[in-house]
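Let me begin by presenting the structure, written as structure tokens, before commenting on it.
Just so it is clear, none of the values below were taken in a lab; they were calculated from the coordinates. Quick caveat: nothing in here was measured; it's all calculated off a predicted structure. Ideal geometry is used to build each Cβ from the backbone, glycine not excepted, and the neighbour counts take in all protein chains shown.
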Amino acid sequence: MNTHTEYLVDIRNERLSFFTPVGEIKALNDVSLYAREGEVLGIVGESGSGKSVTAYSLMGLTAHPGRIIGGDLYFNGHHINTMTEREMRKMRGNEVSIIFQDPMTSLNPVYTIGNQLREVILLHTDKTKAQAHARARELLQLVGINEPDKRLKQHPHELSGGMRQRVMIAMALACEPKLLIADEPTTALDVTIQAQILELMMELKKKLGMAIILITHDLGVVAGTCDRIAVMYAGRVVETGTTDEIFYEPAHEYTKGLLQSVPNLSDREHKKLVPIEGMPVDLLNPPKGCPFAPRCRSCMKICLERMPEYTAVSDTHQSACWLLDKQKFENRGAQA
């Protein structure tokens, strides 16, 4: 079923739960996100906030016993909720690809790099074996791997971590997808290689014109790469805005907490980092009000009782926080 939407990715009020023996874990609660063609969207938040679950559901990769129980997901004209597994398989790789966190667990240790790359190309295209081999070689060159003929004959354990991640990117780009989902693509790499991989992804985005959804808990990663950022907490999007808005005008207390816990190299004084105290909420029994309220230093009575609606800070910036309503009320009172 094709549905018109102005966005490449359009997730509307998604609710997704994992039905376990101990009860229903409400992993996503009313998540709405969008991404335009050619845009880089960063999804940030601490572990368990729902970042990866959101992205995997877009590809129909929700692990058992999880299932979507509400909302609509659209990608490139497809209505994900109504697609069959066969239709999903056709879409994966061709239109949307994913790079997982750890390339060592994503690549098969038994087969050579060439074997694995050729398999992806033969599966998704009508190329012959010889054409698939030529395309695999071309892809390794595209992602900056030297001596591609030698690398095609090697096994994953013979390559460094950075090289393995480049192979994963090459595999994801085999069919020139419209969307690349990068799930913490630099977590297992050292800082120098991390910068190279991010730079490579941005170069390929310009060259191929694809959109990227970058999932990370590292605000430093999104700062120099993303056009827009969505901040997630406890299965909800608590704030969205352009990268500048999120970094220079954060509106949600959780976003402010994340920024305060990042070291700033430009500070001349030795400042202590301010951690976010407390633990993430239990998604088996989420609170009635704002999920961040138990850890929030500015928590009010209403925060514990009711979930706030989104407040528009600007045309491109919105946040779900009762403090914004309080500020509006106080501003009106001052003007009266």
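Using the structure shown, select from Lys129/Lys153; Lys51/Lys90; Lys178/Lys205; Lys256/Lys326; Lys153/Lys206 the pairs with a Cα to Cα distance greater than 19 angstrom. Numbers along the way, then the final one.
Values: Lys129/Lys153 15 Å; Lys51/Lys90 24 Å; Lys178/Lys205 10 Å; Lys256/Lys326 17 Å; Lys153/Lys206 30 Å.
With Cα atoms farther than 19 Å apart: Lys51/Lys90; Lys153/Lys206.
Taking the Cα atoms only, what angle lies between the long axis of helix 129-142 and the longest principal axis of the chain, rounded to 10 degrees?
50
Ranked by Cβ crowding within 10 angstrom, fewest neighbours first, how are Cys226, Cys299 ordered?
Arranged by neighbour count, lowest to highest, Cys226, Cys299 become Cys299, Cys226.
From the phi of every residue in the stretch 240-246, what ³J(HN,Hα) in whole Hz does the Karplus formula 6.51 cos²θ - 1.76 cosθ + 1.60 yield, where θ is phi - 60° and glycine or proline is x?
Here the 3J(HN,Hα) series is 9, x, 5, 4, 4, 5, 5 Hz.
Taking H placed 1.01 Å from N in the peptide plane, check which residues at least 5 places from Tyr74 or on another chain put their amide H under 5 Å from its amide H.
Asp10, Ile11, Arg12, Ile80
Percent relative contact order of the chain, based on C-alpha pairs within less than 8 angstrom and at least six residues apart?
Relative contact order for the chain comes out at 19 percent.
Rounded to the nearest 0.05, what FRET efficiency is calculated for Asn13 and Glu249 with R0 set to 35 Å and r the Cβ-Cβ distance? Intermediate results must be reported in sequence, preceding the final value.
Numbers: r = 26 Å, r/R0 = 0.75.
Calculated transfer efficiency: 0.85.
Explain nothing, just the number: dipole magnitude of the chain about its Cα centre with +1 on each Lys and Arg Cβ and -1 on each Asp and Glu Cβ, in debye rounded to the nearest 20.
It works out to roughly 500 debye.
Kindly write out, for the stretch 286-298 in residue order, the coupling ³J(HN,Hα) from the Karplus curve 6.51 cos²θ - 1.76 cosθ + 1.60 (θ = phi - 60°), rounded to whole Hz, with x marking Gly and Pro.
In residue order, the calculated couplings are x, x, 5, x, 5, x, 8, 3, x, 10, 8, 6, 9 Hz.
Quick one: 3J(HN,Hα) in Hz for the stretch 202-216, Karplus 6.51/-1.76/1.60 with θ = phi - 60°, rounded, Gly and Pro as x.
Listing the rounded values in order: 5, 5, 5, 4, 5, 5, 9, x, 8, 8, 10, 10, 9, 9, 7 Hz.
Just rank Thr20, Thr62, Thr187, fewest to most, by other beta-carbon atoms within 10 angstrom.
If I rank by nearby Cβ atoms, fewest first, I get Thr20, Thr187, Thr62.
Fewest Cβ neighbours within 10 Å first, please rank Met163, Met91 accordingly.
The fewest-first ordering by Cβ neighbours comes to Met91, Met163.
Using a simple charge model, +1 on the beta-carbon of Lys and Arg, -1 on the beta-carbon of Asp and Glu, nothing else, what dipole does the stretch 239-328 show about its Cα centre, in debye to the nearest 20?
Magnitude of the dipole: close to 400 debye.
Angle, helix 113-124 long axis vs. longest principal axis of the chain, Cα atoms, 0 to 90°, nearest 10?
Relative to the chain, helix 113-124 is tipped by roughly 80 degrees.
How many nm is it between the label spots at Gln327 and Lys127, if each spot is 7 Å from the Cα in line with the beta carbon?
5.1
Once fully extended, how much extra length lies between Arg67 and Thr105, figured as 0.36 nm per residue of separation less the alpha-carbon to alpha-carbon distance? Walk me through the numbers on the way to the answer.
Numbers: separation 38, 0.36 × 38 = 13.68 nm, distance 2.46 nm.
Result: 11.2 nm gained on full extension.
On full extension of the chain, what length is gained from Lys150 through Lys206, given 0.36 nm per residue of separation minus the C-alpha to C-alpha distance?
Numbers: separation 56, 0.36 × 56 = 20.16 nm, distance 2.81 nm.
Extending this stretch completely gives an extra 17.4 nm.
Between rounded, prolate and oblate, where does the chain land on the alpha carbon gyration tensor, with a ≥ b ≥ c its root eigenvalues, rounded for a/c under 1.5, else prolate if a/b exceeds b/c?
prolate
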